[in-house]
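In what follows, a single structure is set out as structure tokens and then discussed.
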Amino acid sequence: MNSKSFFVKSYGCQMNVYDSEKITSILENQGMVEKREMNNADIVVFNTCNIRDKAAHKVYSDIGRVTKLNKNKTIAVVGCVAQAENSEMFNKNNNIDIILGSQSYHLLPQMIKDNEEQKEKLINTDFIINEKFDYINEEKKSKGVSSFITIQEGCDKFCSFCVVPFTRGPEYSRHFNDIKREAESMSAKGASEIVLLGQNVNAYNYIDQGKRQQLSYLINLISEIDEVKRIRYTTSHPINMTDELIELHSQNKKLMPFLHLPVQSGSDQILKKMNRKYDSKYYREIIEKLKKSNPDIEISSDFIIGYPGETEKDFNETLKLVEEVKFTQSYSFIYSERPGTKSSSEVDEISLSVKKERLSILQDKLKDIQLKYNNSFCNRNVKVLVENQSASNPKYFFGRTPYMQSVYLESQLVKIGEEMDVKITSCNHKSLYGIA
């Protein structure tokens, strides 16, 4: 097996990107060689996402495309689609050799070996998250100035539209000392920014010797590492925004003044149907507390448009919330039914044309807010953490502001991994452009 080559393709969220880095590390530690092109690899690993229907369909499309060129490849499907669809995937595409759930990818090397020797299809979708986290501590491949660390997995919220509790299991938190050691390892290899990841990252909760330690404790612990200049966390749930965590945004200078806090809808009726466990008043109060703690903080969010039963009034409530909060970044999508969720049994009477129209109206409003915000930085200096150099045009570098804005800059004095004062000269709704 050691002479084999592999290629890993990720779909979906940052946690999948993190998991794919670990899969790469695990396979390389077995003597396998990573390839840059899917078609050149003996083994192709699809690390899947099941949040939206489109992402799941793309997996099958990609499998078909790669096996059409070469049917002798070993195809492994891992992650959330594998967890959700289980052995049914074999029926949908007979070219799949290995199905491995989102909590078991550390078993992949042995399954590849067994598949090669036994010449039979293999599957494992058990929830064994404690083993996965143990293996994360042993296998690490650090990449980049900004590096991810998964600190928490799973979800106990059971939003009516979401498959995560079924594909990632219940909430489970890693030991804070293991996380700090991983952050120290990353920073020693050049990471200046640590991004803490979790399906509900602010639900982080580890009990050590009878004492409960939550996310605010962990952030303070990581901020003790001198080489770490910036700390972020994503994705958060509004009901887990404790007063202690909110206050930390004014107390810890390494914690960036930017928070991704998905609201999904501004309508109380829709929030209740979604089982989000808060109403719009509660969400507004959380934003107010955050702004009071740190007036400099900016908020991004997720929105689902066209949820079953959404009326014009419900949609206008979302627009009203957007106008009040002025989200500086956002992700917005038309509702996508996921099999097995509560919402999949609801009658959806909203036409696709209405959904598309509402999404367009929302996105235009969000883009307008983002453009006005970015415009406010023109002819100003802002701190930018430089992450990399452009491969196509080496005179340009890429970095991010404390508020998570993308910045493209020109400079003769750039040092990757360092914070620089950059004068912003122009912008669009997505990015800033400047010189240092």
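The values are calculated or read from the model by the stated rules, or taken from the named source; none is laboratory data. Please read all numbers here as calculations on a predicted model, not as lab measurements. Ideal geometry is used to build each Cβ from the backbone, glycine not excepted, and the neighbour counts take in all protein chains shown. Keep in mind that these areas ignore ligands, DNA and RNA; they rest on the heavy atoms of the full protein, side chains included. Shrake-Rupley method; radii C 1.70, N 1.55, O 1.52, S 1.80 Å.
Once neighbouring chains are kept in place and the probe is 1.4 Å, which whole percent of the accessible area of segment 22-87 is contributed by carbon and sulfur? On segment 22-87, the fraction of accessible area on carbon and sulfur atoms equals 42 percent. Summarised in one figure, the compactness ratio Rg/Rh of segment 196-287, Cα atoms and Kirkwood Rh, is 1.01.
Site pair L413 and E224 shows an inter-label distance of 3.5 nm when each label is modelled 7 Å from Cα along Cα→Cβ.
Semi-axes of the equivalent ellipsoid of the chain are 34, 28, 23 Å, computed as sqrt(5λ) over the eigenvalues of the C-alpha gyration tensor in descending order. Over all pairs of different C-alpha atoms, segment 177-222 has a mean inverse distance whose reciprocal, the Kirkwood radius, equals 11.5 Å.
Using every pair of separate Cα atoms, the Kirkwood estimate puts the hydrodynamic radius of segment 9-49 at 10.7 angstrom.
Solvent-accessible surface of the chain, averaged per residue with a 1.4 angstrom probe and all protein chains in place: 45 square angstrom.
Taking amide H as placed 1.01 Å from N in the peptide plane, E227 has no amide H partner under 5 Å among residues 5 or more places away or on another chain.
Simple rule: put +1 on each Lys or Arg Cβ and -1 on each Asp or Glu Cβ in the chain, find the dipole, and look at Y283, L197, M38; the Cα lying farthest toward the positive end is M38.
Annotation for I361 and E324: the two label points, set 7 Å from Cα along the Cα-Cβ direction, are 1.8 nm apart. Ranked from largest, the principal axis spans of the Cα set of segment 1-116 equal 36, 29, 25 Å.
If you wrap segment 249-404 in the convex hull of its Cα atoms and look at it from every side, the mean projected area works out to 12.1 nm².
Across the chain, Cα pairs under 8 Å and at least six residues apart give a relative contact order of 10 percent. For a label point 7 angstrom out from the Cα of D268 toward its Cβ, which stretches of segment 313-348 have the backbone nitrogen within less than 20 Å? Counting backbone N atoms under 20 Å from the label point, the list is 313-325. Report, in debye and to the nearest 20, how large the dipole of segment 1-71 comes out about its Cα centre when Lys and Arg carry +1 and Asp and Glu carry -1 on their Cβ. Computed about the Cα centre, the dipole is about 300 debye. Computing the accessible area with a 1.4 Å probe over protein heavy atoms, can you report the carbon and sulfur percentage for segment 343-436? Ligands and nucleic acids excluded, carbon and sulfur give 48 percent. What separates the Cα centres of segment 239-255 and segment 1-47 is a distance of 36 Å. Here segment 154-312 is described by how far its Cα atoms reach on the three principal axes: 52, 36, 32 Å, from widest to narrowest. Full extension of the chain between N428 and T311 gives 38.9 nm of extra length, using 0.36 nm per residue less the Cα-Cα distance. Counting only Cβ charges, +1 for Lys and Arg and -1 for Asp and Glu, the dipole size of the chain around its Cα centre is about 900 debye. Given a 1.4 Å probe and the protein chains as shown, D114 ends up with an accessible area of around 40 Å². For the chain, the cysteines with no partner cysteine C-beta closer than 4.7 Å are C13, C49, C80, C155, C378, C427.
The magnitude of the dipole of segment 185-254, with charges of +1 and -1 set on the Cβ of Lys/Arg and Asp/Glu and taken from the Cα centre, is near 160 debye.
The trypsin sites (Lys or Arg not before Pro) of segment 379-424 meeting both criteria, a DSSP state outside H, G, I, E and B (loop) and at most 13 other C-beta atoms within 10 angstrom of the site's C-beta, are R380, K395, K415.
Both the radius of gyration and Dmax for segment 251-330 are 13.3, 43 Å, in that order, over alpha-carbon atoms.
By the rule of a C-alpha distance below 19 Å, with chain neighbours fewer than 8 residues away ignored, the lysines paired with K326 are K281, K289, K291, K292, K365, K367, K372, K430.
Between the listed residues I179, I350, G309, the Cα displaced farthest toward the positive end of the dipole of the chain, a dipole computed from Cβ unit charges relative to the Cα centre, is found at I350.
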